[in-house]
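Worksheet: one structure, shown below.
All of the numbers you see were taken from the coordinates with simple rules; none came from a lab. Quick caveat: nothing in here was measured; it's all calculated off a predicted structure. Note that we place each Cβ from the backbone using ideal geometry, even for glycine, and neighbour counts take in every protein chain shown.
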Amino acid sequence: MRAYQKILPEVQRLGGSLMAISPQSPDKSQATLLKNFLEYEVLSDFGNKAARQFGLVYQVPEWVRDIYVSFGVDLPAFNAEQSWELPIPGTFVVGRERRIMLGYADSDAHNRLEPQAILDTLQR
């Protein structure tokens with residue numbers, strides 16, 4: 001999120017805008033925005049409705065839930081719902097015609113779309 005914040009001025013110069021969509025409750029999404037000094041919107045996707053439309057939702061396995069809980073992470077409280085579902089992280093560039101010009105999703109949350117790929121797409 002911070003890497004995308006760094007390219008925000010260039011995205012805007014190219015006529016684009018940024019937004020993040022998170023399964024977190026609105027309060028938690030706002031906290032993420034403030035914590036990371038983000039100048040773009042962070043929207044709440046309650047119940048992963050948008051992520052589900054993109055086919056990006058998965059059920060957190062029981063053994064992973066135990067790890068979360070051992071670290072004090074109460075995912076259902078964080079997301080304000082009880083499902084133990086998360087979205088696979090994805091990044092999409094949507095054109096003026098509401099068509100996806102670039103899409104990227106990876107089940108490994110450490111792998112994210114390089115910011116330059118967003119800029120390259122906007123320049124085209």
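Ranked from largest, the principal axis spans of the Cα set of the stretch 54-106 equal 44, 21, 16 Å. Within the stretch 1-91, the GluC sites (Glu not before Pro) that combine a DSSP coil assignment with at most 16 other C-beta atoms in a 10 angstrom radius are 39, 81. Between the stretch 1-56 and the stretch 69-111, what is the C-alpha centre distance in whole Å? The stretch 1-56 and the stretch 69-111 have Cα centres spaced 10 Å from each other.
Annotation: extensible slack from residue 111 through residue 31 equals 26.5 nm (criterion: 0.36 nm per residue apart, minus Cα-Cα distance).
Any chance you could give the angle, 0 to 90 degrees and rounded to 10, that helix 26-35 forms with the longest Cα principal axis of the chain? With rounding to tens, the tilt is 60 degrees.
Annotation: Cα Rg of the stretch 84-124 relative to the compact-globule expectation 2.2 N^0.38 Å equals 1.30. If you average over every viewing direction, what projected area does the convex hull of the Cα atoms of the chain give, in nm²? Answer in nm², one decimal: 7.9. Working from Cα pairs under 8 Å separated by at least six residues, relative contact order for the chain is 22 percent.
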